[in-house]
Amino acid sequence: MNYTVNGHNVFLIVIVCFLSSIIFVQMMKKVAIFLHVLDVPNDKRKIHKKPMPLLGGLGIFFAFLLGYMLFAPKDNLMLSILISSFLIMLLGLFDDMTKSETPMPNKYKIIIQIIVACIVVFYGGLELTKASMFGLTIKFGIFSKPLSIFIIVACINAINLIDGLDGLCAGISSIYFLTIAIIGFALNKFGGLDIIISLMMLGCTLGYLVHNFPPAKIYQGDAGSTFCGLMIAVVFLLGFKTATLTSLIIPTLLLAIPIMDTLFAIIRRKLKGQKIDHADKEHLHHQLLKKFSKRSTLLVIYVINLLFSITSIFYALGHKIEVIICYIILMFIVLYLILKTDIIFERSKNK
């Protein structure tokens, strides 16, 4: 079998990015402590009990840049991805370094995120023009660019939203990138940019996870979580461009946890008369922490995500009817478990 992408061995890509991420994140930990860029547990939403270094995301980004220099093609599309990545990192770093004093208003963050998305869509030419679902092909026409921008901004915020537990964001991201790479290999479409970026990001996020798995020694901050969200969105759109993905079912399966957590957060806050961007401590991982330890909570979410991931792989391989049945069963199981928590409604404490 051919284990090369763009002339490079797939395992070499992952290993180089993995090792460099471990090293860069360790360096950023020392820099964060020296510069006092720390996540201080100064409100009731924080799970950790002591100040934590916050520049892990910068370590992930540096490892990604090394991967780009060694393995990625040098074209306008990749350049647009790098520019947008650099901007989203600057936004995240600014927020991480100032949030304890003067946090940036969310409306300004969204504006910058839209600019980042526009760079990828208009300069890079990356957009979702058509997709299939349940046997129907949908062509988006004039809505393809606005839809693509929405997908990028939504992914950035959904992944940022779930980054509230040691190892959660990096673990879910790693599962996503690994699954896309497996699908590309299974379909013999191992030369696309989506697969190259997935392999690089897999190594980068796993390297960071070495430092972030409970008990965490460093956090990636908004810079890291928004960067991971951006790259997930980019791989999502690239998958349709390179025909690694064709159906909207696959990314929906892969991102089931962040999608559901985001939707429940919106519903919960609307029902309480709060703003959508109101921060709280009622996300899925918070609910599970009421019943399990940090590691057990993390592993439960990993297992659920892996089940959706395996389902998406079988769907890509053509087992559509069986997979749709499994997907519906999985959704009902997850929804049942979630509705047994306080994630949307506060249940009576006497029950």
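The values are calculated or read from the model by the stated rules, or taken from the named source; none is laboratory data. Bear in mind that the values here come from a model prediction, so they are computed numbers and not experimental data. Note: ideal-geometry Cβ built from the backbone for every residue, glycine included; neighbour counts use all protein chains shown. Only protein heavy atoms, including side chains, enter the accessible area calculation; ligands, DNA and RNA are left aside. Shrake-Rupley method; radii C 1.70, N 1.55, O 1.52, S 1.80 Å.
Of note:
- Some residue of the range 180-200 being open to solvent by 10 Å² or more (accessible area, probe 1.4 Å), within 14 Å of the chain's Cα centre (by Cα) and of a type outside the set (S, T, N, Q): no
- Scanning the range 331-345 for residues that are at pLDDT 80 or above and either surrounded by 18 or more Cβ atoms within 10 Å (Cβ to Cβ) or of a type in the set (Asp, Glu) (or both) yields a total of 0.
Here is a yes/no grid of residues against (1) closer than 28 Å to ASP39 by Cβ; (2) open to solvent by 50 Å² or more (accessible area, probe 1.4 Å); (3) of a type in the set (D, E, K, R):
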{"site": "ALA131", "(1), (2), (3)": "no, no, no"}
{"site": "PHE140", "(1), (2), (3)": "no, no, no"}
{"site": "PHE150", "(1), (2), (3)": "no, yes, no"}
{"site": "ASN160", "(1), (2), (3)": "yes, no, no"}
{"site": "LEU165", "(1), (2), (3)": "yes, no, no"}
{"site": "GLY171", "(1), (2), (3)": "yes, no, no"}
{"site": "ILE175", "(1), (2), (3)": "yes, no, no"}
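- Pairs linking a residue in the range 274-287 that is surrounded by 15 or more Cβ atoms within 10 Å (Cβ to Cβ) to a residue that is at pLDDT below 75 and outside any loop (DSSP other than H, G, I, E, B), with Cβ atoms under 9 Å and 6 or more positions apart or on different chains, are LEU284/ILE338; GLN287/ILE338.
- If only residues of the range 57-88 that are within 24 Å of MET27 (Cα to Cα) and surrounded by fewer than 16 Cβ atoms within 10 Å (Cβ to Cβ) are counted, the one that is nearest to the chain's Cα centre (by Cα) is PHE86.
- Residue within the range 111-121 that is open to solvent by 30 Å² or more (accessible area, probe 1.4 Å), outside any strand (DSSP E or B) and within 17 Å of THR246 (Cα to Cα) present: no
- Filter result (free of Cβ contacts under 8 Å to residues at least 40 places away in the same chain and either in a helix (DSSP H, G or I) or open to solvent by less than 10 Å² (accessible area, probe 1.4 Å) (or both)) within the range 288-314: SER296, LEU299, VAL300, VAL303, LEU307, ILE310, PHE314
- Summed over the range 140-183, the residues that are among the aliphatic types (A, V, I, L, M) and not in a helix (DSSP H, G or I) give a count of 2.
- Among the residues of the range 197-227, those identified as under 21 Å from PRO103 (Cβ atoms) and either assigned to a helix (DSSP H, G or I) or of a type in the set (Asp, Glu) (or both) are GLY221, ASP222, ALA223, GLY224, SER225, THR226, PHE227.
- Complete set of residues in the range 232-254 that are more than 17 Å from ILE328 (Cβ to Cβ), open to solvent by 10 Å² or more (accessible area, probe 1.4 Å) and among the hydrophobic types (A, V, I, L, M, F, W, C): PHE236, PHE240, ALA243
- Which listed residue is over 30 Å from THR341 (Cα atoms) and of a type outside the set (S, T, N, Q), from LEU253, LEU237: LEU237
- Inside the range 76-125, residues that are in contact (Cβ under 8 Å) with a residue 24 or more places away in the chain and of a type in the set (Phe, Trp, Tyr) make up a count of 1.
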